[in-house]
Amino acid sequence: VVVQRDRVSEARQVAKRAQSLGVHVEAAEPGDIASALSIAREIDAGAVYVAGDAQFAAAVTTEIVRSGLDARVIGGADLHSDDFLTAAGSTASRSVAIVPSVLDTTINRPVPGLIDAGRYGAAAYDAGRAVAVTLDQCLPPAREGGAGGARSGCLAELGAISLEGVTGELTFDRFGDRHGAWPSAHVVVEGVWQEVGTLWPVKPARSQCR
């Protein structure tokens, strides 16, 4: 179930996108918490997506817990804030906040020396720099150990570097993935937001492909 404080077009857009992934979604009337809970109960919803502001998100979360619905509350910046934690109190533990990728704000960012780097050109430029620095440091000693040694050595080296790029600071995990490159999920543990996982891209449901 999707419920927004006053942005009906956004609610419908979220619902439509989720449906394209094969998820059954219903959009409640804007700002109507009672309607959202009624729909959630009718379809036995596993989650309610909420947006508007921290106070509205807290009101929805509190009512879900009070009504006895066994559903998670999902949201973005409206949830992932101290204002939400204060307003929701103990009911905040039912919520999951999705924090967007740090690269979302770097789309179409200019790159030195390039006229038109494209939508994600800045991120690609930084990734190329990181790979170049890593290879320069790891390949000479790794050549003696063969391909397997080179691969593990370069991944370890990449995980240890930190660069300041066009898109900000670049750091990588032990698998070679950039920290913050994908949206992440956060839950409330003892009154504090904690990251619990990364949201990797998913393919649309087969029935939606034409």
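Determine the share of segment 39-95's accessible area contributed by carbon and sulfur atoms, expressed in whole percent, with a 1.4 angstrom probe. Walk me through the numbers before you get to the answer.
Numbers: 1190 of 2640 Å².
Here carbon and sulfur together make up 45 percent of the probe-accessible area.
A Förster radius of 22 Å, combined with the Cβ-Cβ distance separating Ser35 from Ser93, puts the computed FRET efficiency at roughly 0.35. Averaged over its residues, segment 9-101 has an accessible area of 51 Å² per residue, based on protein heavy atoms and a 1.4 Å probe. Entry for segment 1-131 at q = 0.10, 0.18, 0.19 Å⁻¹: log10 I(q)/I(0) = -0.42, -0.89, -0.96, Debye formula applied to identical alpha-carbon scatterers, no solvent contribution.
Based on the Kirkwood radius over alpha-carbon pairs, what value in µm²/s does the Stokes-Einstein equation return for the translational diffusion coefficient of segment 59-130 at 25 °C and 0.890 mPa s?
Details: Rh = 15.0 Å.
Estimated diffusion coefficient is 164 µm²/s.
The values are calculated or read from the model by the stated rules, or taken from the named source; none is laboratory data. Quantities reported herein were computed from a predicted structural model and do not represent experimental measurements. No Cβ is skipped: glycine too gets one built from the backbone with ideal geometry, and neighbour counts run over all protein chains shown. Side chains are part of the model used for accessible areas, which takes the heavy atoms of the whole protein and leaves out ligands, DNA and RNA. Shrake-Rupley method; radii C 1.70, N 1.55, O 1.52, S 1.80 Å.
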